[in-house]
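S.K.: Pasting a structure below so you can have a look.
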Amino acid sequence: MSDWQPSASIETLRARAELFRYIREFFQQRSVLEVDTPVMSHCAVSDPFIDSIEVNYHASVGQERVPLYLQTSPEYAMKRLLAAGSGAIYQMSKVFRNGEYGNRHNPEFTMLEWYRPGMNDSELMDEISELVFPILDLAEIERVTYTDLFDRHLGIRPESLSATELKSETLKHLEIELDDEDRDTWLNLLMSHVIEPQLKQTSAVFVTDYPASQAALARLRTRQDGVEVAARFELFVNGVELANGYYELTDWQEQQSRLEADQQQRALLDLPQRPLDTRLVSALKAGMPECSGVALGVDRLLMLAQKSESIASVLPFDHTRA
């Protein structure tokens, strides 16, 4: 195939257009407003494990450059709209992430993100199920807590183990030379390299109640046994991570603290210090409604529907042909 040609077949591109139509109709029937936020921002995501793509803006030729960042997610801007009184909103947009390319990754991809004021995370999982059932021909999606998932596949309850014990467990499964005292480093390795491959045997599962240390932008809650967990879930279908959702954090002080903690972590990892989006904090301070939100990979959804092993096969032009 010549490199001028699309990476997806024309038949697949028709299926892609039909998927877009279905998604828009799904939200229109539920009176969820479609929004369109900027792709470029003066600020970048704080997450140390997501690298923003930087672009240069010049007011005119020869003028000093102003660094801008391509959005890795429309989350911050959409939350500002929620605080401004938008009500329920969704967006299908291009997002960009540096260093992500492979069978399931492309540095430019399409994300579906939506926010539901008045819904908790369990109710949002119900709505996600309604969206994906007909696309993926599913009858149900299992729900299992993060802790129970580790117990099921590894026979351990991760909240009871130290970093040293988690490292020891990891080395039973992976040959890796790494000295790290952060429990989440070992939990993430066990999840991504040991548990997720086993999820290929499971049709679909929502993994819920992540460790509090992995809350990202989710609120925290306390389990019946007194353990604090994140009100966060991820959806896996045939072992593919498809969606990541939160019962959203609305405490502006906690949000500010988490952004600052991310920046400190970036410094410790010798990563670039990006401008933090303090406007998100201001929006929460003004008052964002209680809501749940989720980001879902549209290209991966189409991959699963087409039973494809490569994201390139569902994109008009993947990274190598762009």
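A short reminder: the numbers here are calculations on the coordinates, not readings from a lab. Everything quoted here is computed from the prediction, not taken from an experiment. Cβ atoms come from the backbone with ideal geometry, glycine included; neighbour counts cover every protein chain shown.
S.K.: Roughly how many Å is it from the Cα centre of the range 232-261 to that of the range 6-30, as a whole number?
M.R.: Using only Cα atoms to place each centre, the spacing works out to 26 Å.
S.K.: What is the pair-distance distribution P(r) of the range 278-322, computed from all Cα-Cα distances in 5 Å bins starting at 0, with each bin given as a whole percent?
M.R.: With a bin width of 5 Å, the distribution comes to 5, 17, 15, 13, 9, 7, 10, 17, 7.
S.K.: Kirkwood hydrodynamic radius (Cα pairs, Å) of the range 66-113?
M.R.: 12.2 Å
S.K.: How big is the range 166-322 in terms of Cα radius of gyration and Dmax, in angstroms?
M.R.: Cα-based Rg and Dmax for the range 166-322 come out at 18.3, 52 Å.
S.K.: While we're looking at this one, here's another question. Can you name the helices of the chain, as whole DSSP H runs, whose Cα span along the helix axis is 30 Å or more and whose Kyte-Doolittle mean is not below -0.5?
M.R.: Qualifying helices, which must be both long enough and hydrophobic enough, do not occur.
S.K.: Here are several values of mean projected area of the Cα convex hull in nm²: (i) 19.0; (ii) 14.6; (iii) 17.8. Which one was derived from the coordinates shown?
M.R.: (i)
S.K.: Tell me which GluC sites (Glu not before Pro) from the range 35-113 have a DSSP coil assignment and no more than 12 other beta carbons within 10 Å of their own.
M.R.: The qualifying sites are Glu64.
S.K.: Let me ask something else. Please get the size of the charge dipole for the range 1-145, origin at its Cα centre, with Cβ charges of +1 on Lys and Arg and -1 on Asp and Glu, quoted in debye to the nearest 20.
M.R.: 400 debye
S.K.: Right, another one. When you take every Cα atom in the range 23-121, what is the radius of gyration, and what is Dmax, the widest Cα pair distance, in Å?
M.R.: 15.7, 51
S.K.: While we're on this one: Expressed as a whole percent, how much of the Cα-Cα distance distribution for the range 124-231 exceeds 23 Å?
M.R.: For the range 124-231, the share of Cα pairs beyond 23 Å comes to 36 percent.
S.K.: Follow-up. Please check: in the Gaussian network model of the chain (C-alpha springs, under 10 Å), which one of Tyr247, Tyr115, Tyr57 has the largest mean-square fluctuation.
M.R.: Tyr57
S.K.: Ignoring solvent entirely, what values of log10 I(q)/I(0) come out of the Debye formula for the range 175-263 at 0.11, 0.25 Å⁻¹ when each Cα is a single scatterer?
M.R.: -0.38, -1.25
S.K.: Please list, in order along the range 100-109, the HN-Hα scalar couplings obtained from phi with the Karplus expression 6.51 cos²θ - 1.76 cosθ + 1.60 (θ = phi - 60°), rounded to whole Hz, x for Gly and Pro.
M.R.: Taking θ as phi minus 60°, the curve returns 10, 8, x, 4, 10, 10, 9, x, 10, 8 Hz for the range 100-109.
S.K.: For the range 125-263, what is the charge dipole size about the Cα centre, in debye to the nearest 20, if Lys and Arg each add +1 at the Cβ and Asp and Glu each add -1 at the Cβ?
M.R.: Numbers: 12 positive and 29 negative charges, 57 e Å.
I would put it at about 280 debye.
S.K.: Okay, next question. For the range 117-149, which GluC sites (Glu not before Pro) are both in a DSSP coil and crowded by at most 11 other Cβ atoms within 10 Å?
M.R.: Passing sites in the range 117-149 are Glu140.
S.K.: Bin all alpha-carbon pair distances of the range 233-322 at 10 Å intervals from 0 and give each bin's fraction as a whole percent.
M.R.: P(r) for the range 233-322, in whole percents per bin: 14, 27, 29, 27, 4.
S.K.: Which of the lysines could a cross-linker span from Lys79 if the Cα-Cα distance has to be under 19 Å and same-chain partners fewer than 8 positions apart are dropped?
M.R.: Partners found: Lys94, Lys285.
S.K.: Against the empirical 2.2 N^0.38 Å scaling, what ratio does the C-alpha Rg of the range 36-187 come to?
M.R.: It is 1.38.
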